[in-house]
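Beneath this line is the structure, given in C-alpha cells, with notes to follow.
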Amino acid sequence: MALVIQEVHDNIGVITFNNYERRNALSKAFIGEIRVSLNNLLYEGVRVIIIRAHQGAKVWSAGHDITELERPGRDPLGYYDPLEQVIRAIQSCPVPVIALIEGGVWGGACELAFVCDILIGAPTTSFTITPAKIGIPYNSSGILHLINLCGLGAAKEMFFTAQPVSAERALQLGILNHLVPPEAIENFTFDLARKITQNSPLSVSVIKEQLRILSNALPISPETFERIQGLRRLVWDSEDYIEGKQAFLEKRPPVFKGK
Ligand code: YXS
C-alpha cells in the first residue's frame, strides 16, 4: 500500500499522508515516499505543493518513528537522518509548500510542518514538541527553526514543557498563518494555493530561497559548534534516552533520572 497519495489539480500538487495505522509516524519508508512525491510533482511542473493528512484526521503525524530512533550512543537526529533530509528537501523545494493541518502534530513532525512555507490549521490542530518527553537531544537546526518561527520565549516553553500547543495559541504565536473551520479548510487552502499558481513561478521561487538564506542563523564559531555537539552527546549517551524510548515501546510513562 502506498504510504502517500500524490495528486495534481490545476498546477497544485497534493501529498496526502496514507500511513494512519501508524498515525503517519515518519518512518524511513514513509519519508522516502514523501521525497519521491515531492520530486515527481516538481517534474510535473506544479507551482505549489500542499502536504496534508486525510480529511478530518485526529493526528496529522505522530513524529519520528520511535522504533527507528538510533540506538543509544548515536545521534538520533543526525544530519543524514531521513527526517532531517526531508526537512531540508521542503526548505529547498523551489515552489511554496503549504501544510494543511488537521489533528495533532508530534515531535519531529512539528519541524516538518514548521519548515513548510504556509501553515493552515483547524481547531483540532495542535503541536507537541517531544524531545524532553522522550529524553532526546534535539538538533540545532530544528531549534533554530522554532526560534525563527515563534520566538525564543515560546520555543523555550514548547521544548521544556513538551505540552500540546492549541490551534488558537499557534495562531497567536505566528506558527499558523490561518485558523479555519474544518468544513472550510479544504477550499480555503486550495484558494490560497491557486493565488500562488497565478504569480510568476520564477519570482516566487527566488524570493523563497532568499527568505531561506536570510532567515538562517548568523555563523557560529567552530568552538561553539563543538560545544553544542558535546552537550548533545551527553544526552544521546544517557540512560534517560534509553528509558524514554523503552517507555514508549512498553506504553508506560518514562521515569527519568537525569543521567
Ligand atoms: O501499538 P500499535 O502497533 O498499534 O502501534 C500504535 C503506535 O505504537 C504507533 N505509533 C508510533 N510508532 C512509532 N513511532 C511513533 N511516533 C508512533 N506513534 C504512534 O501507531 C499505532 C497507533 O498509535 P496509538 O494507538 O497510540 O494511537 P492513538 O490515536 O491512541 O494516539 C495517537 C498519538 C499520536 C497521541 C500516540 O500514538 C502517541 O503519543 N504517539 C507518540 C507521539 C510522540 O511522542 N512522537 C515523538 C516521536 S520522537 C520524535 O519525533 C523526535 C525524535 S523528537 O521527540 O526529538 O521531536
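Straight-line reach from K208: taking Cα to Cα under 13 Å and skipping same-chain neighbours fewer than 8 places apart, the aspartates and glutamates in range are D117.
Sequence-ordered 3J(HN,Hα) estimates for region 32-39 from the Karplus curve with 6.51, -1.76 and 1.60 and θ = phi - 60° stand at x, 6, 4, 5, 5, 4, 4, 5 Hz, glycine and proline given as x.
Proximity of backbone amide H atoms, modeled 1.01 Å from N, is registered between W60 and G104, V105 at under 5 Å, excluding neighbours fewer than 5 places apart on the same chain. Reducing region 187-259 and region 101-167 to their Cα centroids gives an inter-centroid distance of 9 Å. Which residue fluctuates most in the GNM of the chain (Cα springs below 10 Å): V235, V14, V206? Answer for the Gaussian network model of the chain: V206. Derived scalar couplings between HN and Hα for region 192-198 equal 5, 4, 4, 4, 5, 5, 8 Hz in order, rounded to whole Hz, by the Karplus curve 6.51 cos²θ - 1.76 cosθ + 1.60 (θ = phi - 60°), x for Gly and Pro. Note on the chain: helix-only mean residue ellipticity at 222 nm, from DSSP H runs of 4+ residues weighted -39500 (n - 2.57) and normalised by residue number, equals -14000 deg cm²/dmol.
Rounded to the nearest Hz, the phi-derived 3J(HN,Hα) couplings of region 41-49 under the Karplus curve 6.51 cos²θ - 1.76 cosθ + 1.60 (θ = phi - 60°) are 5, 5, 4, 7, x, 5, 10, 7, 10, where x marks glycine and proline. Relative to the Cα centre, the charge distribution of region 4-184, modelled as +1 at Lys and Arg Cβ and -1 at Asp and Glu Cβ, gives a dipole magnitude of about 320 debye. Straight Cα distances below 24 angstrom link K259 to the lysines K133, K156, K245, K251, with same-chain residues fewer than 8 positions distant left out.
With all projection directions averaged, the alpha carbon convex hull of the chain covers 13.7 nm².
Any read-out appearing in this document is the output of simple, stated calculations on the displayed coordinates, not a laboratory observation. Because the structure is a prediction, the values reported are computed rather than measured. Neighbour counts run over all protein chains shown; Cβ positions are idealised from the backbone, glycine included.
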